[in-house]
Structure formats: structure tokens, C-alpha cells
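Comments concern the structure below.
The values are calculated or read from the model by the stated rules, or taken from the named source; none is laboratory data. Note that the coordinates shown come from a computational prediction; the quantities given were computed from them, not determined experimentally. In this analysis, Cβ positions are derived from the backbone assuming ideal geometry, glycine residues included, and neighbour counts consider all displayed protein chains. Quick note on the areas: whole protein, heavy atoms, side chains included, nothing else; ligands and nucleic acids left out. Shrake-Rupley method; radii C 1.70, N 1.55, O 1.52, S 1.80 Å.
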Amino acid sequence: QIFNQHNAEAPNLEPAFHRMAQMEPNLDHDVSWFLLPSYWAKMVVALISFLCFANSYDGDFVFDDSEAIINNKDLRAETPLGDLWYHDFWGSKLSSNTSHKSYRPLTVLTFRINYLFAGGFYPVGFHVINIILHCTISVLMVDVFSILLGGLQFSNKGRRLNLAPKSSLLAALLFAVHPVHTECVAGIVGRADLLCALFFLLSFLGYCKAFKENKEGHTFSLFWVLVSVVLGAIAMLCKEQGITILGLNAVFDALVINKINLLELIQKLLYKDKSLESAGLLRKGLLFRIALLMCGGAGILYIRWRIMGTGPPAFTEVDNPASFADSLFVRAINYNYYYSLNAWLLLCPWWLCFDWSMGCIPLIKSVSDWRIIALAALWFCLIGLICQALCSEDSHKRRILTLGLGFLIIPFLPASNLFFRVGFVVAERVIYLPSIGYCILFTYGFSLLSKQAKKKKILAVAVLGILLINVMRCALRSSQWRSEEQLFRSALSVCPLNAKVHYNVGKNLADKGNQSAAIKYYREAVRLNPKYVHAMNNLGNILKERNELHEAEELLSLAVQIQPDFAAAWMNLGIVQNSLRRFEEAEQSYWTAIKHRKKYPDCYYNLGRLYADLNRHIDALNAWRNATVLKPEHSLAWNNMIILLDNTGNLAQAEAVGREALELIPNDHSLMFSLANVLGKSQKYKESEALFLKAIKANPNAASYHGNLAVLYHRWGNLDLAKKHYEVSLKLDPMAPGTKENYNLLRRKLEQLQKKGG
């Protein structure tokens, strides 16, 4: 459907419009840069953006990827697709009080498709999609910057004028190679930002497509305006920032389509001037389109709020300390300092970190703090740009500066703490979209310098140098995102005061078995943040394994004192108390853990071990049964049930439990071994032999498997096979308990048989 609105004051509209287009300044006249056909420009941008991040294609799952992908049940086929619409980004129910409230079902859907096609958790496919998305977005930026820098004007034949090919190429290259984008591209969780940006840009281009110039006058297509709203909704279903495109479309409409002078409009509104139509407010259906955008945005937000169910997520002080400050002054001054840090990351993206929380940026608590200078510098620049955007007599300058500031600020608003508390201090991923505004301002600044410079080639070489440095920085940063070890260690020099950085380095070392080095980093994490309960828990676990039980108990007791509902710390405290033979306290700790986490199979397993040590066999069996009900693949719980029933002479019950376990976990060799022992004692030698051999095939280097099979053959009378497996067992473990004695008995029996035979 097309709406036509004729301007009564300009009956000869086409020639008038055409003359206006010719008078519009062309930014490319002042830019000393390469002029390429559109196709080649897009090819160059695609190639360079690919080169920046290509080395991340075979990286691991790192940092948040574990929770959002590996541990997210929404990716697996057994989870109904419909559940994605009621779960958050991490797979938790949105209605839960513990939900992060990040509603990004379309992003999770792409992860699920990745998982389906890869046949499992293989990171290559996930990384390749991210790289392709960034290349696609960078190519789209050529068209977007062409409109933002060159305007949206048409000839009398309907062709766009003033494409600004040089300026748009430069701006697109700046965007493509910006190192701050590395987290979004090299980190798989950054898919949310990439998909959001893709539909964000498509929404903008769709909105631009709504406007044409023909011989009948100014027109707009209602269809494309509605398509733009739908694409904005899709962008928001990928990440929350996507909704801001509707506001930017309205700004673009007012400034570029209607050519409104904001300062003039503000003055007319302040003085209640009734001639608003002359300011362009009512021309070309602007109010109607803004009403559509507002209604669309309000509808999307309402649906989002209804799905979310409860209030905003509950973040902790370590996530965003400024938001918990009692003083409004402290909150305001620190929020503004965070804005200046984001601006600095756009200007000089050299110091990059995967996490900026937990003391990385200490709070500013007084005006004597030297960091106040950063705030002053930020607002000095912003106020200067805003004044130029409002007051400049050059309409072209006003338009570009206002659009640049709009694209810089509006997409950043959801992360600004102005409307609601966010769960981070600084996050590089959230400035993926605002970097569009930075690229506009940089390119316009370059054009102004080029206009004044006598040696324009030197200026062009300097910009080429910046691009080259950024390409190298992207490649270096991408390589750091390839593994957790490199990523975490790279943060030590950027955020040495960040307890989470030390914690993650320690955890990575502990996972690799380097406990001594891990202890050092865990201790530093606790020193930097004395309330860091997760670091205390992990450090306590390592100390427990090293039999340093008293210090482990102190740490775990402190952790549960700081966070009384920390179920894992309660369970680990119970394990330590059990090792210290303080059984009543251990039992109480286990039950406290279960109280705070009702579905806790590992805790039921450890409780069962406690009861077994106390010879409370019925209680032990019940606890292990609870563990297997909550987690049917809990092999240790099944094994302990079989062994306890076997040791107490309940062979029939042990056999039944063993068969039930193997039906659920058919390839578990330890279960085969335990059931084989029971069957051997029940004189079911053939079936027992088959299970022993199957277990040995799965784990040929287990000395006990060969030793117990040898005992079976010994009982069965297959003495040669018994001798063979005794020898294999002793070769694998010369100190295997009982095996040497049984082997010596067998040898004496064989010698006696030989003598009788002789």
C-alpha cells in the first residue's frame, strides 16, 4: 500500500527535489581514499573481515560457551522446540527467580541447528557460522554507511544519488577490522550480538526501502515500514539491543527523509509555535510512521514482559558494584566513568579483557580521584559534538553528526544502567552496534582533516596504518580466544585486580591437574575478593584432595557463612567433615545442601557413602537410589549399590540392581565388572565370563578386571586361562591385593597336577 502526500507549496516538486539533491554536499569530495565499484568494495570488506578472525575457526568452547552451549539442554533433541520460547539464553525457565532473563530464543535455535548438523559439541561449526555472520554484516555496512553518509536522495529516474562510495568503504573497513568485535566473533556466545546486528541492519535497510521518489511526489510504502518493525522484533529475539533500531529508524526519518532541523524544532516547541508544519514535523507522513514504530516497539516490549513473567534478574554486587552504591553521586559518577571506558575501547582497543567485573575497575568515591579527568574528557567531546549537531549552519554536517551520535548512543542505552541494572561493568560485546556511530564520526572527522590537509596522501597512509594495526590486533586477539588458558592469561596484564580472572586461571590449571599452581591463583582471587565463595569452594576442594583438611574446612565454612544457600560448598564441607570423622556434622551439612538444592544427585551419593561408613546400609541404599532417580546415568551410585548388596550377601538383589544399571548405561565397563563379580559368586560362570571380557575390552589396562576374571576361571576350573589373566594382572599392577597369593596357590595346584600326571 502506497500513501501519497503532495506538497501544495511545491507543485513542481520533481525539479525542485532534483535541484536540492544536486546541492547536497558530497562527503567523497573531501575524502582522500580508494574509489572502487560497489561490488569490489564489498568483496574487499568481506575478505579483510574474514582475515581478521579466520584463525578463530578451530578454537575451543571458552568461558560462557560452557554454560550457554555445552550445559544448555535446549540444544539437545530431547528438549521440545517449544521450550526455547519459555527459557532464557542459558536454558533456565524465564519464570524462575534465578533466571538471567536474557531472552534470545532465535540465537539458541541457531546453536541447536549447529549442534544437530555437527552431531555433537564440535566447536568448528559454531565458530565458522560466527565468522560468516561478521563478514555478512561488514558487507551490509557498505550499503548502510552509503545511506548514512550520502543521504537517501533519488534522481527523477528513481536512482539513488550521492552514494559516497569512498566514505562508505572507509567506514565499513573501520567497522570490519575493529578489535573490540573479537569477543562477538571469536566467542561463540557472541552469536547473539551478531544475529542482532544482522537483523538490526536489515530493519534499517528495509525502512530505507520504504521511501522512493517518483513523478507523483514523495511516497512511502507501508509494507516496508511494517517489514522493518518485524525485523526489529526478530533482532530483539536475538538480543535485547535489537529493539533500539526502531528509535534509530525514527531519527533517520526525521533527519534524512524530512530534513528536520532539531534546534529549530526545539525552539518552536519551547515557544509553542504553531507553525510546526514548516519545521517538517507533519510532512510526508512522519507522525504516522513514528506512531507505527512506537506501537510496534510498545507491543514487542509488552510481549517480552509477559513472557519474562517476573521482575528483572537479581545481580550481585560483584557483577556491577556501582549499581549497589548507596550514594546517588557515586552511582552517577561511576556510570559515567564506565561510559568513558567504553568510548576509550572504541578509540584505542588495545587493552581488551573477557571480563571487567570483580574489582577490575575500582569505584570512584570522591572528586579527588584522578579518573574524573576521563569523565570530563568524555562530556567535553560529547557536548562539543552535540552543539555542532544542533547549531551548525551546515545542514549536511548536522545530519551526519546527529546520525553518528544516534548510532553511537541509542544502541548503547540498554547497557547504560539508566533504565535497569545490568550484570556487568564493561562488556566489549555490547559496543558491537554502537561502533557503527563511531565509524561514522571517524570517517566524517577524516573528511574534515582531508579538506584542510595539504598532504592528503600522508593522511590516507596514516588511516591505512590504523586499519593495518587493527587487523593485526584482531588476529592476535582471536588467537587468544582460541583456548581458555590463553584467554584467561591474557587478562592478567589488563585486569590484575579482577578476582574472576585469577579464579579462571586457577580453574583452568586445576582442570589440567596442576594443583600447586591453581592454589596460588585461587588464593589471590580470595585475597582480592574476600567474599568470593566460588574461589573458596574450589580452593577448599583442592586442599581436601591434598589432605589439608583443617584449612579446607575453614574455607568451606566461611563460604557457607557468606552465602548460606551455596549448596556445593555445603556438600564439600560435608565431605571434609566425613574425612575428619565428624559424622554427625557431615550428615547435617549434606542435608543442608539438599535443602538448598533439592535435585542434587552428587550430594545423595556422598550421603550414601557416609551411611555406608556408619554401617547404616538401608539408609545408604536409599540415598544412592535417590541419586540414580535424579541422575539415571550416575555410575558411581549404581556401582556402590551393587557392591554393598554383594558384600552383605544379597546376591539376587545385587544382580537385579546391576542389570537395571546396565540397561540405563550399557557401555559402562565398571558396572559390567561389578555385575560380573556378583554373577561369578552366584556360579553363573558363562554370563560372568562374558561381562568380564566385555569390561576388559573396554578397559584393557585395569589390573583388577584381569585379576577377578582369573579368580572366576580358577573357581570354574579353567586353570590355564586363570594363570594367563593372573599374569596379565600382575604385570599391570605387581602390588595388586590378593592377586599374587591367588597366583601362587594356582601355581602350586598346577605343579601338583603335573606331578600326578607324571
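Quick check on the stretch 208-218. Is at least one of its residues more than 38 Å from the chain's Cα centre (by Cα), farther than 25 Å from Y115 by Cα and open to solvent by less than 10 Å² (accessible area, probe 1.4 Å)?
The answer is yes; a qualifying residue exists.
Does I594 meet the test of being assigned to a helix (DSSP H, G or I) and free of Cβ contacts under 8 Å to residues at least 12 places away in the same chain?
Spelling it out, it is not the case that I594 is assigned to a helix (DSSP H, G or I) and free of Cβ contacts under 8 Å to residues at least 12 places away in the same chain.
Take residues that are among the charged types (D, E, K, R) and within 30 Å of Y522 (Cα to Cα) and tell me which of the helices (runs of 4 or more DSSP H) falling wholly in the stretch 425-493 contain 3 or more.
Numbers: elements: 435-452, 456-480, 484-492.
In the stretch 425-493, 484-492 are the helices (runs of 4 or more DSSP H) which contain 3 or more residues that are among the charged types (D, E, K, R) and within 30 Å of Y522 (Cα to Cα).
Does L382 meet the test of being aliphatic (A, V, I, L, M), in contact (Cβ under 8 Å) with a residue 24 or more places away in the chain and surrounded by 15 or more Cβ atoms within 10 Å (Cβ to Cβ)?
In short, no.
Return the residue satisfying two criteria in turn: it lies in the stretch 492-513 and is buried (at least 24 other Cβ atoms within 10 Å of the Cβ) and of a type in the set (A, V, I, L, M), and of such residues it is nearest to R429 (Cα to Cα).
Looking at the filtered set, the residue picked out is V501.
Being without any contact (Cβ under 8 Å) to a residue 12 or more places away in the chain and open to solvent by 70 Å² or more (accessible area, probe 1.4 Å) is the filter here, so list the residues in the stretch 701-720 that pass it.
Selection gives D720 alone.
Listed here are the residues, each with its yes/no results for (1) open to solvent by less than 50 Å² (accessible area, probe 1.4 Å); (2) touching a residue at least 24 places away in the same chain (Cβ under 8 Å); (3) under 25 Å from the mean Cα position of the chain (by Cα); (4) closer than 22 Å to L149 by Cβ.
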{"residue": "L363", "(1), (2), (3), (4)": "yes, yes, no, no"}
{"residue": "D369", "(1), (2), (3), (4)": "yes, no, no, no"}
{"residue": "I373", "(1), (2), (3), (4)": "no, no, no, no"}
{"residue": "L378", "(1), (2), (3), (4)": "yes, yes, no, no"}
{"residue": "S392", "(1), (2), (3), (4)": "yes, no, no, yes"}
{"residue": "L403", "(1), (2), (3), (4)": "yes, yes, no, yes"}
{"residue": "L408", "(1), (2), (3), (4)": "yes, yes, yes, yes"}
{"residue": "F419", "(1), (2), (3), (4)": "no, no, yes, no"}
{"residue": "G445", "(1), (2), (3), (4)": "yes, no, no, yes"}
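If G445 satisfies all but one of (1) modelled with pLDDT under 95; (2) in contact with a His (Cβ under 9 Å, 6 or more places away or on another chain), what's the number of the condition it fails?
Every listed condition holds for G445 apart from (2).
If A460 meets every condition in (1) open to solvent by less than 20 Å² (accessible area, probe 1.4 Å); (2) under 23 Å from F315 (Cβ atoms) apart from one, which number is that one?
Evaluating A460 over (1) open to solvent by less than 20 Å² (accessible area, probe 1.4 Å); (2) under 23 Å from F315 (Cβ atoms) leaves (2) as the failure.
Of (1) in contact (Cβ under 8 Å) with a residue 24 or more places away in the chain; (2) surrounded by fewer than 20 Cβ atoms within 10 Å (Cβ to Cβ); (3) of a type outside the set (S, T, N, Q), A517 satisfies all except one. Which?
The one condition A517 does not meet is (1).
Name the one entry in L468, L509 that is within 22 Å of L347 (Cα to Cα), more than 19 Å from the chain's Cα centre (by Cα) and not small (G, A, S).
Working: L509 fails: within 22 Å of L347 (Cα to Cα).
None of the other options fit; the residue is L468.
Among residues belonging to the stretch 565-597 that are charged (D, E, K, R) and touching a Leu at 6+ places or on another chain (Cβ under 9 Å), point out the one that is farthest from R616 (Cα to Cα).
Looking at residues that are charged (D, E, K, R) and touching a Leu at 6+ places or on another chain (Cβ under 9 Å), I get E585.
Do any helices (runs of 4 or more DSSP H) entirely within the stretch 649-758 hold 1 or more residues that are over 26 Å from A627 (Cα atoms), and if so, which?
669-681, 685-698, 703-716, 719-732, 739-757
For R482, are the conditions met, namely being touching a Gly at 6+ places or on another chain (Cβ under 7 Å), open to solvent by 40 Å² or more (accessible area, probe 1.4 Å) and either more than 22 Å from S357 (Cβ to Cβ) or among the charged types (D, E, K, R) (or both)?
Criteria met by R482.
With respect to I333, determine if the residue is assigned to a loop (DSSP other than H, G, I, E, B), open to solvent by less than 20 Å² (accessible area, probe 1.4 Å) and over 29 Å from T443 (Cβ atoms).
no
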